[in-house]
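The values are calculated or read from the model by the stated rules, or taken from the named source; none is laboratory data. Keep in mind that this is a model prediction, so the values were computed, not measured. Virtual Cβ from ideal backbone geometry, glycine too; neighbours counted across all protein chains shown.
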Amino acid sequence: MVNDPSSATPYRLRALADKRILARLAVIGAVVLAVVGCFAYVGGWLSPNRLTQARMIDTFQEVNGVHPGFRRNHAKGVCIAGYLESNGQGARLSKAAVFRPGRVPIIGRLSLAGGEPYMADGPAAVRSMALAFRPPDGEEWRTAMIDIPVFLVKDPESFWEQLLASRPDPATGKPDPAKMKDFVARHPETARALEIVKANPFSSGFANSSYNALDAFRFVSASGASTPVRWSMAAVDPFEPETPGQSAAQDKNYLFDAAIARIGQAPVQWRLVVTVGQSSDPTDDATIPWPSTREHIDVGTLTINHIEGEAPGNCRDVNFDPLVLPSGIEPSDDPLLSTRSATYSTSFTRRAGETKEPSAVQTPAGGKGA
Amino acid sequence: MAQQLQFAAFSRILHWTMAIMVLAMLFIGIGMVASLTDYHWLVSIHKPLGVLILIFVAVRLVNRLFNPAPPLPQGMPPWQRFAAHASHVVLYALLFALPLVGWGMLSAARYPVVLYGPLELPPILPHDAALYAVLRTVHTVLAFLLFATFIVHFSAALMHALIYRDGVFQSMASWKKRSGRFAVAKQG
């Protein structure tokens, strides 16, 4: 088949002495190395100081220790379930199925900020409510909200710096207040946000706390109109301030146990309130509140009628990624949204593969409530 | 009788489209797991692109039945023939496995598998966090294996193009109509 048997030798590289062949081999080597190098660069191996998902979660572990099986932040929590009764008002701004009039089943989680799953409840810990709305014939929507009116940092780098500043000093076992002071001094947006947080006292429990999504999103209507929004779960239970006597109680889980007792008595409700932003309102900075004169739309009532300890298959095994959004709700340009999605995902991946210890908050078998 | 020297035009189009998609996918994948602010937009390309690759590789496998690959040149050493065939089998296997493992792991984590807007894929596995953890690791291992196999494939293609010059590279890369016999370059 070949013209000349002696020419069937291109596969033998005995011609290596030939400079042209050597040069071509060098070109091949360089091109292949360049591709591998680009891959390594994109993967972060050539820039060990880059703030990656892994680095962020590693820092959480440095600050709080590793507690296998638990979330790296908001580690202490309890599962809840119930439904949202949508009144249809949200459909004006968003085409998402959850805003059509009717009932949407939800599961969720009440938790305290912080990476220690067995920490004692206390007045200083930020409380959170995470929800997954699961309309029977629509897309899922997940949101994770906290009970302070603005967030304390505006981007991932500041979040990480603030986390480092809160790292316990090996000598005292406690965070060094000077470091946090220094951080706040370098971040005027955090100083302003702290003032706003301090002006809003904590309530006495989970049930009478209101929870805010803080980050801005965009609602997209059926006609394609896009509106900047923020949303909150406004407590229906009347506000009562936290009293010093509460945290002095012997019960390390006094906040959670009160929530279990409250839901055991009767369902607890919140109103889902959407704040409609205007084009002048910042959507990329969760430390800045929008003017209080903005339109608020009450789009439905959340009813929580069930509470149970974390267990296989319930809220324990759900990642309340704030970017699990139905069509009709879109992320804004807030850099924290993608950052949260990324770090929650790394935290979820790590804990999903770890052996689980029982959670601190437990309920009698079968949970409480309907 | 003239030997078939070239892949069919449709096969070449499939190959080069997939080459771009798979290379983009590998870089998006490795980049997104290290990213914070870029994570979301990268993931929202990663998922639909993965499904597109799964569809393309299925079409390609069927296409092979109708448009078989041209024979390798005479005189190619047996180990190279084996390496060529084995790497192609591995590439096909990985291009099927990676999207399926990705889809499965998202199902096991109970993440909705959103493709675009309201377009979602149904879960293919039950909600099971431990299963998710295993599949998530498998996804990473297979992705590195795919990158390594791609590097071998790419290096071999360049060897054929620049060193062996035996027409194997042109059988996929040339857009000119080629017939006759495999050209065997003279060396040294």
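Details
- Looking only at residues of the stretch B:34-67 that are without any contact (Cβ under 8 Å) to a residue 60 or more places away in the chain and not in a helix (DSSP H, G or I), we find that the one that is surrounded by the fewest Cβ atoms within 10 Å (Cβ to Cβ) is B:D38.
- Test result for A:D317, of a type in the set (D, E, K, R) and more than 7 Å from chain B (Cβ to nearest Cβ): no
- Flag if A:E310 is more than 10 Å from every other protein chain (Cβ to nearest Cβ), charged (D, E, K, R) and in contact with a helix residue (DSSP H, G or I) (Cβ under 6 Å, 6 or more places away or on another chain): yes
- Selected residue [out of contact with any Ser or Thr (no Cβ under 7 Å at 6 or more places or on another chain) and over 25 Å from B:H15 (Cα atoms)] from B:P99, B:P118, B:P123, B:P112: B:P112
- Residue check, A:V273 buried (at least 17 other Cβ atoms within 10 Å of the Cβ), away from every other protein chain (no Cβ under 14 Å) and among the hydrophobic types (A, V, I, L, M, F, W, C): yes
- Residue match in the stretch B:135-145 (condition: buried (at least 16 other Cβ atoms within 10 Å of the Cβ), facing chain A (nearest Cβ under 9 Å) and more than 19 Å from the chain's Cα centre (by Cα)): yes
- Among the residues of the stretch A:49-79, the ones that are within 11 Å of chain B (Cβ to nearest Cβ) and either assigned to a strand (DSSP E or B) or without any contact (Cβ under 8 Å) to a residue 60 or more places away in the chain (or both) come to 2 in all.
- If you check B:G102, B:G75, B:G117, B:G167 for being touching a residue at least 40 places away in the same chain (Cβ under 8 Å), facing chain A (nearest Cβ under 9 Å) and of a type in the set (G, A, S), only one passes: B:G75.
- Some residue of the stretch B:123-133 being surrounded by fewer than 19 Cβ atoms within 10 Å (Cβ to Cβ), in contact with a strand residue (DSSP E or B) (Cβ under 8 Å, 6 or more places away or on another chain) and either over 13 Å from B:G50 (Cβ atoms) or within 12 Å of another protein chain (Cβ to nearest Cβ) (or both): yes
- Residue that is surrounded by fewer than 22 Cβ atoms within 10 Å (Cβ to Cβ) and at pLDDT 95 or above, where the choices are A:T339, A:T301, A:T287, A:T355: A:T301
- Helices (runs of 4 or more DSSP H) (entirely within the stretch A:173-284) containing at least 1 residues that are among the hydroxyl-bearing types (S, T, Y): A:188-198, A:244-247, A:254-265
- Qualifying residue in the stretch A:152-161 (condition: closer than 18 Å to A:A234 by Cβ and among the charged types (D, E, K, R)): no
- Cβ-Cβ under 9 Å pairs, at least 6 apart or on other chains, the stretch A:191-202 side over 10 Å from A:V150 (Cα atoms), far side of a type in the set (D, E) and assigned to a loop (DSSP other than H, G, I, E, B): A:N200/A:D147; A:P201/A:E242; A:F202/A:D147; A:F202/A:E242
- Yes/no for A:E330 being within 14 Å of another protein chain (Cβ to nearest Cβ) and assigned to a strand (DSSP E or B): yes
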